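Enquirer: What follows is a single structure, and I will ask about it in a moment.
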Amino acid sequence: MTSNLVISSRCSLFLTLFYLLVSASLTATSAQWVWPKPRTLSWPIPLATILSPNFTISSPYHQHLSPAVNRYRLQILTEHHLPLVPPPFNLSNSSPPLQALTITVKDLAAPLQHSVDESYALAIPTASSTANLTAETVWGAMRGLETFSQLVWGLKPLLVPVGLDVWDSPLFEHRGIILDTSRNYYPVDDILRTIKAMSANKLNVFHWHITDSHSFPLVLPSEPALADKGSYGNDMLYSPADVATIVRFGLEHGVRVLPEIDSPAHTGSWAEAYPDIVTCANMFWWPAESKWADRLASEPGTGQLNPLNPNTYQVLKNVIGDAVALFPEPFFHAGGDEIIPGCWKADPAIQSFLSKNGTLSQLLEKFVNSTFPYIVSLNRTVVYWEDILLDANVKVDPSFLPPEHTILQTWNNGPNNTKLIVSSGYRAIVSSSEFYYLDCGHGGFLGNDSQYDPPPTSGGSGNGGSWCAPFKTWQTIYNYDIAYGLTPEETKLVLGGEVALWSEQADPTVLDVRIWPRASAMAETLWSGNRDESGKKRYAEAMDRLNEWRHRMVNKGIRAEPLQPLWCIKNPGMCNTVHPSD
């Protein structure tokens, strides 16, 4: 019995050695498959050693880091990842099996918030049985754990590179995903899976667009009627316990949960509980024969909070107070986008206000002046969509939005609006629909839409009802420079970016496919950039690495969409064009 085990073990080791030697003809750089690519990775001689089956990770105790350590140790020992293209390692004759990873954290008290230090250094020596991970904070340690986990591969034995040193830190501190859970509902497990995938991609902000005109799924202790009457049903709610679970899960994965309660527009669902504070609720969004400028909403689902009704602010302050209590995140997203003049003009009190030389912008200023100071008083920085300052028809004077308490998120007009925001002294989060909207290009959801039937002689099929078509490919996302055209000082005001999945045509059945691996493309560009050391765009070499990363994500249970036929991956370079990258 014992001799059979020895023979089996030796055969396994021989096959591994053969596998490694055959692959040694590949270049060393092709083995740097960590995604997102580290800022610096030194590995002069491609050698590997065996990872001990008794491998351990030691770290200081921390309520969020310690669960992460346990999770990563289990993942490392059980994942058994086999790369699509074998990495070019040779097994080191002089390296002992790697027995342990030791984590050192300088500041255990730093909270997970914007600007927290996520840097780390990882060293896997050639002649030691212990690797070392050092980080300023526990959040940097989590990033380093992810990198280490991606370096381990194989069946029996597991292998890990040696003689490798990494120093890593993100270029942009805000790297996120927006998920809209109002238009369609996502169970808690789907949100947790998304946060887990975000952590694996070193994304750190889950921007939760919780409510909209379509449904109000968030149960709030002070305003239970909003969810009771405004949700899609009792099985499509997020209770305070659900929120606590999501927030805790985010902390254990180094992901902040940033809530958005959009207002004063996008609030039609509030009218189910409080019809008196919502204008144009439950009306047809684009009245027949009317011009687009006279619409009541930009898509089906009407309703905007009434700035002239005092009850509006009592309800809203309860909502904000409860949301702040549920979410420890220092940023609070208050919406402020797409205020449609026709909706406010449908209300008699507002009609009277306008007839006395009042303006729609004055209405918005009244709304902001009644809510913004309250949010700030709760020790929150307020995030608004860019419309609140840049909309052509309804916007506030900048004096209502002091830059020290305000961040603007841009979604229109690409780098031009980013420039407008930062040149005005505001911090910016970039979510340009031309590059970062993941729902684009899937047609539209409107019925009776003539855009689906262009004349056969038109020379094209139009956008198929998708206002932001075409589909945003991973290359489109990867090549976008969110600080394009900015001065160095203006670039400092760009906090980072977020890709967005709006849910008119998305629900749990397509969640993973819509997001991954396209969000991975943004993750790398915001972490280490999209250019190589010479300044050349690196999307050409990124394809092979992203294919490999997508393969690994699928094995983790993330149903990321394919980028190429498997044949392309098995035949490196054969699916490229003759055109050099820029």
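The values are calculated or read from the model by the stated rules, or taken from the named source; none is laboratory data. Not measured: the values here are computed from a predicted model. Neighbour counts are summed over all protein chains in view; Cβ atoms, including those assigned to glycine, are modelled from backbone coordinates with ideal geometry. Ligands, DNA and RNA are stripped out before the accessible areas are found, and what is left, the full protein with its side chains, is counted by its heavy atoms. Shrake-Rupley method; radii C 1.70, N 1.55, O 1.52, S 1.80 Å.
Enquirer: Would you mind counting up the charge near residue 500? Only other residues with Cβ under 9 Å from its Cβ, with Lys and Arg at +1 and Asp and Glu at -1.
Expert: Details: positive: none; negative: 180, 439, 498.
For residues surrounding residue 500, the net value is -3.
Enquirer: Turning to a different aspect of this structure: Per residue, how big is the convex hull around the C-alpha atoms of region 515-582? Give it to me in cubic angstrom, could you? Write out the running numbers ahead of the final one.
Expert: On the way: hull volume 6.5 nm³, N = 68.
Measuring per residue, one finds 95 Å³ for the Cα hull of region 515-582.
Enquirer: If you take the Cα Rg of region 156-277 and divide it by 2.2 N^0.38 Å, with N the number of residues, what do you get?
Expert: 1.35
Enquirer: Any idea of the accessible area per residue across the chain, 1.4 Å probe, to the nearest Å²? Each step should come with its number before you reach the end.
Expert: On the way: 23910 Å² over 582 residues.
Per residue, the chain has an accessible area of 41 Å².
Enquirer: When the Cα centres of region 42-104 and region 511-561 are compared, how far apart do they sit, in Å?
Expert: Rounded to whole Å, the Cα centres lie 22 Å apart.
Enquirer: Keeping the other protein chains in place, figure out the carbon and sulfur percent of the accessible area of region 40-168, with a 1.4 Å probe. Don't skip to the end; give the middle numbers.
Expert: Details: 2790 of 4890 Å².
Percent of accessible area from carbon and sulfur atoms in region 40-168: 57.
Enquirer: Give me the net charge for the shell around residue 359: Cβ to Cβ below 11 angstrom, other residues only, Lys and Arg +1, Asp and Glu -1. List each step's numbers first, then the result.
Expert: On the way: positive: 356, 366, 395; negative: 365.
After counting each charged neighbour, the total is +2.
Enquirer: Now for a separate question. So what's region 140-198 giving for Rg/Rh, alpha carbon basis, Kirkwood Rh from the mean inverse pair distance?
Expert: Working: Rg = 16.7 Å, Rh = 14.9 Å.
So for region 140-198, dividing Rg by the Kirkwood Rh gives 1.12.
Enquirer: Of the beta bridges DSSP finds with both residues in the chain, what % are antiparallel, to the nearest 5? Before the final figure, lay out the partial values.
Expert: On the way: 21 of 69 bridges.
The answer is about 30 percent antiparallel.
Enquirer: From Cα pairs below 8 angstrom and at least 6 apart in sequence, can you work out the relative contact order of region 40-168, rounded to a whole percent?
Expert: Working: 268 pairs, mean separation 48.2, N = 129.
In percent, rounded to a whole number, it is 37.
Enquirer: Among 465, 573, 350, whose Cα sits farthest toward the positive end of the charge dipole of the chain (+1 at Cβ of Lys/Arg, -1 at Cβ of Asp/Glu, about the Cα centre)?
Expert: Most positive-ward Cα: 573.
Enquirer: Could you order the peptides 411-418, 52-59 from most to least packed, using the average number of other C-beta atoms within 10 Å per residue? Display every interim value, and only then the final one.
Expert: Numbers: 411-418: 19.0, 52-59: 14.8.
Output ranking for 411-418, 52-59: 411-418, 52-59.
Enquirer: Moving to a separate point now. For region 296-352, calculate the relative contact order in percent as a whole number, restricting contacts to Cα pairs under 8 Å that are 6 or more residues apart.
Expert: Numbers: 24 pairs, mean separation 31.6, N = 57.
Across region 296-352, relative contact order equals 55 percent.
Enquirer: Give me the extension gain from residue 507 to residue 244: residue separation times 0.36 nm, minus the current Cα-Cα distance, reported in nm with one decimal. Working shown, then result.
Expert: Numbers: separation 263, 0.36 × 263 = 94.68 nm, distance 2.23 nm.
Fully extending the segment from residue 507 to residue 244 adds 92.4 nm.
Enquirer: If you don't mind, there's one more thing I want to ask. Å³ per residue of the Cα convex hull, for region 462-515? Let's see the in-between values first.
Expert: Numbers: hull volume 6.7 nm³, N = 54.
Given the Cα convex hull of region 462-515, per-residue volume reads 125 Å³.
Enquirer: If you don't mind, another one. Using only the Cα atoms of region 403-474, what are the Rg and Dmax in Å?
Expert: 16.5, 54
Enquirer: How big is region 308-416 along each principal axis, measuring the range of its Cα positions in Å and listing the largest first?
Expert: Over region 308-416, Cα extents along the principal axes are 43, 38, 21 Å.
Enquirer: Taking 8 Å as the Cα distance limit and 6 or more residues as the minimum spacing, I'd like the relative contact order of the chain as a percentage. Walk me through the intermediate numbers first.
Expert: Details: 1145 pairs, mean separation 76.0, N = 582.
13 percent.
Enquirer: Moving on to the next point. Give the Kirkwood hydrodynamic radius (Å, one decimal) of region 40-168, defined as one over the mean of 1/r across all pairs of different Cα atoms.
Expert: Details: mean 1/r = 0.0670 Å⁻¹.
Across region 40-168, the inverse of the average 1/r is 14.9 Å.
Enquirer: In this model, which of 345/492; 345/472; 291/356; 317/395 are farther than 30 Å apart at the alpha-carbon?
Expert: Values: 345/492 40 Å; 345/472 36 Å; 291/356 25 Å; 317/395 22 Å.
Violating the 30 Å limit, Cα to Cα: 345/492; 345/472.
Enquirer: Ok, one more. Ranked highest first by average number of other Cβ atoms within 10 Å, how do 208-214, 398-404, 152-158, 304-310 line up? Intermediate results must be reported in sequence, preceding the final value.
Expert: Working: 208-214: 25.0, 398-404: 13.4, 152-158: 18.6, 304-310: 21.7.
Listed from highest to lowest mean packing, they are 208-214, 304-310, 152-158, 398-404.
Enquirer: Need one number for the chain: average projected area of the convex hull over its C-alpha atoms, nm².
Expert: Values: hull surface 121.1 nm².
The directionally averaged projection comes out at 30.3 nm².
Enquirer: I've got another one for you. How big is the gap, in Å, between the Cα center of region 139-201 and the Cα center of region 224-264?
Expert: 22
Enquirer: Gain in length, residue 357 to residue 416, computed as 0.36 nm per residue apart minus the alpha-carbon separation, to one decimal in nm? Numbers along the way, then the final one.
Expert: Working: separation 59, 0.36 × 59 = 21.24 nm, distance 3.27 nm.
Length difference between fully extended and current span is 18.0 nm.
Enquirer: Can you tell me the FRET efficiency between residue 108 and residue 473 if r is taken as the Cβ-Cβ distance and R0 is 56 Å, rounded to the nearest 0.05? The partial results should precede the final answer.
Expert: Numbers: r = 42 Å, r/R0 = 0.74.
After rounding to 0.05, the efficiency reads 0.85.
Enquirer: If a paramagnetic tag sat 7 Å from the Cα of residue 63 along the Cα-Cβ line, which residues of region 137-164 would have the backbone N under 19 Å from that point?
Expert: 137-142
Enquirer: Based on the alpha carbons, how large is the Rg to Rh ratio for region 404-563 when Rh follows Kirkwood? Present the calculation step by step, with values, prior to reporting the outcome.
Expert: Working: Rg = 17.6 Å, Rh = 17.3 Å.
Radius of gyration over Kirkwood radius for region 404-563 works out to 1.01.
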